[in-house]
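Presented below is the structure to which this report refers.
The values are calculated or read from the model by the stated rules, or taken from the named source; none is laboratory data. Because the structure is predicted, anything quoted here is derived from the model rather than measured. Positions of Cβ are backbone-derived with ideal geometry, glycine not excepted, and every protein chain shown enters the neighbour counts. These accessible areas exclude ligands, DNA and RNA; they are computed on the full protein's heavy atoms, side chains included. Shrake-Rupley method; radii C 1.70, N 1.55, O 1.52, S 1.80 Å.
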Amino acid sequence: MSLRTFSRADAQKPIKSSIHGIINSTVLILKHRLKASESRPAVEIIQNYDELPEINCFPGQLSQVFMNLIANAIDALEESNRGRSFEDIKMNPNRITISTAKSNCEQYVLIKIQDNGIGMTQEVKQKIFDYLFTTKGVGKGTGLGLAIASQIVQKHGGSIDVNSTLGQGSEFVIQLPI
Ligand SMILES: Nc1ncnc2c1ncn2[C@@H]1O[C@H](COP(=O)(O)OP(=O)(O)OP(=O)(O)O)[C@@H](O)[C@H]1O
Ligand SMILES: [Mg+2]
C-alpha cells in the first residue's frame, strides 16, 4: 500500500487523500534507515497528529516531498552522530518529530518535520531550496531533494519554510490549502 501511494505520482487529476496516510506510508518506506545499527540506536519517530480533513492533492508527489524531508533529517542526524558513542546517542537520542495541525482559519493544513540533527548555518539555510545545492559529498547528495519538494508544494498552492539552529536541529514547515 505504501508503494502504491508513492507510485501514484503520475495521476492526472488530484485525488482526495489523507495527509496522515501519505506520511505513514512514507515513513514505512524509510523504515530501513531508521532502525538501530552497530553505531546508533533506532531513530525515534514521534507523530503528533491533529484531526485533519482529507485534501485534494497528488499523493504520490506529496509522498516524495515527505520522503525528501525525512531522508534529509536522517542525514542530518547521522552527521550529528559523528564522534559520539552508542551510549552517548542513547542518552540524547536521534529524534524526528512529525506534527500536523489545521490553521486557525481552517483553510490550511500545517505539517512540521523536525529533527535534532546537525542543523545549518545561516549561509546554508539561504541556499537549500536552490537547484543542485548540496553540502553532501560526491555520490551522497545531488541537491535536488528540496528543489523538487518546493516545486511540488508550490504546485499544490502551498508553501514550505525552514527554521534551523546550527548544532541543534532543523524544522521544515509545510502549509497546504484544504
Ligand atoms: N534537516 C536538515 N538538517 C540540516 N541540513 C539540511 C536539512 N535538510 C536539508 N539540509 C541542507 O540542505 C541541502 C540541500 O538539501 P537537498 O535535499 O535539496 O539536497 P541533498 O540532500 O544534499 O541531496 P539529494 O538530492 O539527495 O536530496 C543539504 O545538502 C543540506 O546541507
Ligand atoms: Mg535531500
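Would you point out which residue out of Glu79, Glu87 is within 21 Å of Gly117 (Cβ to Cβ), free of Cβ contacts under 8 Å to residues at least 12 places away in the same chain and outside any strand (DSSP E or B)? Even if it seems obvious, please write down each step before you answer.
Values: Glu79 fails: free of Cβ contacts under 8 Å to residues at least 12 places away in the same chain.
Within the list Glu79, Glu87, the selection yields Glu87.
Residues of segment 16-43 that are surrounded by 13 or more Cβ atoms within 10 Å (Cβ to Cβ) and charged (D, E, K, R): Arg33, Arg40. If you go through segment 51-76 and keep only what is within 12 Å of ligand 2 (Cβ to nearest atom) and either among the β-branched types (Val, Ile, Thr) or part of a strand (DSSP E or B) (or both), you end up with Val65, Ile70, Ile74.
Among what's in segment 90-106 and is outside any strand (DSSP E or B) and modelled with pLDDT of 95 or more, pick the residue that is farthest from ligand 2 (Cβ to nearest atom). Full working, then the answer.
Filtering segment 90-106 for residues outside any strand (DSSP E or B) gives 90-94, 103-106.
Now drop any that are not modelled with pLDDT of 95 or more, which leaves 90-94.
Numbers: Lys90: 26, Met91: 28, Asn92: 24, Pro93: 22, Asn94: 17 Å.
So, considering only residues that are outside any strand (DSSP E or B) and modelled with pLDDT of 95 or more, the one farthest from ligand 2 (Cβ to nearest atom) is Met91.
Can you tell me which residue is most open to solvent (accessible area, probe 1.4 Å) among those in segment 122-165 that are hydrophobic (A, V, I, L, M, F, W, C), within 9 Å of ligand 1 (Cβ to nearest atom) and part of a loop (DSSP other than H, G, I, E, B)? Among them, the one singled out is Leu132.
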